[in-house]
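Values in this text are rule-based calculations from the coordinates and carry no lab data. This structure is a prediction, so every number in the text was calculated from the model and none was measured. Backbone-built Cβ (ideal geometry, glycine too); neighbour counts: all protein chains shown.
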Amino acid sequence: MAKIAVIGAGYVGLTTGACLASLGHDVVVADNDNDRVNSLKIGEIPFFEPGLKE
């Protein structure tokens with residue numbers, strides 16, 4: 001599978017990264033908002049998307 005970088009961990013970027021990872025790709029999602037990155041590191045998702053937390 002492919003190695004993919006997604007720029008932006010907002011609704012579109014994070015959901016896209018999660019979908020690509022679920023298909024088996026090696027995905028890295030980057031964002032310049034340190035608060036958002038730190039929240040994601042501890043498992044907090046800033047919006048609701050069915051199935052995203054899994």
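Quick one: order L23, L14, L52 by neighbouring beta-carbon count within 10 Å, fewest to most.
On the way: L23 10, L14 21, L52 14.
The order, fewest Cβ neighbours first, is L23, L52, L14.
Mind giving me the nanometre distance, one decimal, between the label points for I42 and S22, set 7 Å out from Cα along Cα→Cβ?
Going from the I42 label point to the S22 one covers 2.6 nm.
Taking square-rooted eigenvalues a ≥ b ≥ c of the alpha carbon gyration tensor, is the chain rounded, prolate or oblate, where a/c under 1.5 means rounded and, failing that, a/b exceeding b/c means prolate?
Here the chain falls in the oblate category.
For the chain, what is the relative contact order in percent, using Cα pairs closer than 8 Å and at least 6 residues apart in sequence? Could you put the intermediate results ahead of the total?
Numbers: 55 pairs, mean separation 19.1, N = 54.
Computed value for the chain: 35 percent relative contact order.
Under 5 Å between amide H atoms, partner at least 5 residues away or on a different chain: which partners does V6 have, H built in plane at 1.01 Å?
Hits under the 5 Å cutoff: V28, V29, A30.
What is the dipole size for the chain, taken about its Cα centre, with +1 at each Lys and Arg Cβ and -1 at each Asp and Glu Cβ, in debye to the nearest 20?
Working: 4 positive and 7 negative charges, 24 e Å.
Value, rounded to 20: 120 debye.
Can you tell me the 0 to 90 degree angle between the C-alpha axis of helix 11-22 and the longest principal axis of the chain, rounded to 10?
Tilt of helix 11-22: around 40 degrees.
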